[in-house]
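Written below as structure tokens is the structure these notes are about.
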Amino acid sequence: MPDVTPLSSRIPTGERPLFPEAVDGVSWRAATAADIDAITALHRVADPIDHPTFGTPRGDIVELFESSWIDPALDVVVGARGDEVVAYGQATVIPGTAGFAETTLSGVVHPGHRGRGLGGALLDWQQARALEHLALVEEPVEGRMNAYTSSEQAALHRLLERRGFGVVRAFDELSRDTAEDIPEIAIPEGLELVPYSQQWSAATMAAKNETFADHWGSLPETVEHWEQRNTTAANGAGGLRTDASLLLVGRDESGADEVVAFVLTTVNEEDWERLGHPFGYITLVGVRRSQRGRGAAQALLAAVLLRYRELGWQRATLHVDTTSPTGADRLYRRIGFVPAARELVYGRTF
């Protein structure tokens, strides 16, 4: 039987450290917006080692200081030797609950400073801060503490395992060459292919919340979180590309327009330069339950791939849950996507 006691009553109590333990001459402090460039620079050094197929856009770091659900003074720390930032970490809570409450742990230690205990000190602080977040949840839900890692990060995996974490989920990164044949797939009858725009934002969010209700780790979107994650790309920065994001629109029972399927694309042009080719990252694919089994996803994906080709992008990339309840992995492989990398989610539950 599911535990019906409040999550707060199941969280271990004890004194929580304000900052990680000082190690190897590195002192820790709360991060501020003035650290955005230093944290971004740290990612640019570490990302090619930790997850070679993608980098961290500067916008992701900016969000740490602009999101209402993150308190940088408590949730984000940086470690410095002198004036050089050599590590940073965060322990943040995802807004909302839907049978579970989730905290995520992430961070980076400069490759030149690894193997000296910084990662362990940071992880201990992250766990303590995550427990503080979970202790505030009064609903009788499962508490999750997750760290999303790449298969390349063997040392991090060993550290997580020593701290009691285990693999709870795996996601495959799949990729497809847009020069290969793209099948012609007809749009299902009664549906219209339209480009994504702000006009369709709320309707697409509603479709996403329904579509992902049974997906592991997915919580209903808030307006703030949705708008933040779908900020339009500008001046080469990472973000949503409306010219490569498409929708299928039908009619609901009242006859009003309704988004029934969507494929949204983001780009990070810094990755184009680093990896040597332009590509799009498919962040979200979804079809409402009432429209599944009609070929809507295949038709929409084929249309998006053609759009990528028209834009001169050489590849399309996405991540998929290896145990997706919708069989998404099989869908992507049928349309030509092949494995490129794997992401492992290490977690603890309470």
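Couple of notes before you dig in:
- R241 long-range amide H proximity, modeled H, under 5 Å: A233, T265, T266, V267
- Mean sequence separation of contacting Cα pairs (under 8 Å, at least six apart), scaled by the length of region 128-245, corresponds to a relative contact order of 16 percent.
- Value in Å of the Kirkwood radius, where region 82-147 supplies the Cα pairs that are averaged: 13.0
- Expressed per residue, the C-alpha convex hull volume of region 211-303 stands at 137 Å³.
- Relative to the 2.2 N^0.38 Å rule of thumb, region 122-237 has a C-alpha radius of gyration ratio of 1.48.
- With respect to the chain, whose longest principal axis is taken over its alpha-carbon atoms, helix 296-311 is tilted by about 80°.
- Under the criterion of Cα pairs below 8 Å and six or more residues apart, the relative contact order for the chain equals 21 percent.
- Cα Rg, Dmax (largest Cα-Cα span) when computed across the chain, Å: 21.0, 66
- Based on Cα atoms of region 7-164, Rg over Rh with Rh as the Kirkwood radius reads 0.95.
- Candidates per GluC sites (Glu not before Pro) in region 39-113, loop by DSSP, up to 14 other Cβ within 10 Å: E66
- Folded to 0 to 90 degrees: helix 118-134 orientation relative to the chain principal axis, Cα: 70
- Selected from A340, S197, W69, residue furthest toward positive end of dipole (the chain; charges at beta carbon): A340
- Principal-axis tilt of helix 36-50 within the chain, Cα atoms, nearest 10 degrees: 80
- Taking T149, T13, T283 as the candidate residues, the one with maximal mean-square fluctuation in a Gaussian network model of the chain, Cα springs under 10 Å, is T13.
- Here the peptides 320-327, 19-26 are ranked by packing, the mean other Cβ count within 10 Å, and the order with the highest first is 19-26, 320-327.
- Global dimensions of region 266-350 from alpha-carbon coordinates: Rg and Dmax equal 14.8, 48 Å.
- For q = 0.16, 0.20 Å⁻¹, Debye-computed log10 I/I(0) when each Cα of region 173-344 counts as one equal scatterer: -0.98, -1.59
- Given R0 = 30 Å, the distance between the Cβ atoms of D177 and S218 translates into a calculated FRET efficiency of 0.55.
- Within the chain, helix-based [θ] at 222 nm, where runs of 4 or more DSSP H residues each add -39,500 (n - 2.57), nearest 500: -8500 deg cm²/dmol
- Placing unit charges on each Cβ (+1 for Lys and Arg, -1 for Asp and Glu) gives the chain a dipole about its Cα centre, and among P12, A80, G250 the Cα reaching farthest toward its positive end belongs to P12.
- Normalised by the number of residues in region 168-321, the average gap of Cα pairs under 8 Å and 6 or more apart makes the relative contact order 34 percent.
Since every read-out is calculated from the coordinates, none of them should be taken as a lab result. The structure displayed is predicted, hence computed values, not measured ones. Cβ: placed from backbone, ideal geometry, glycine included. Neighbour counts: every protein chain shown.
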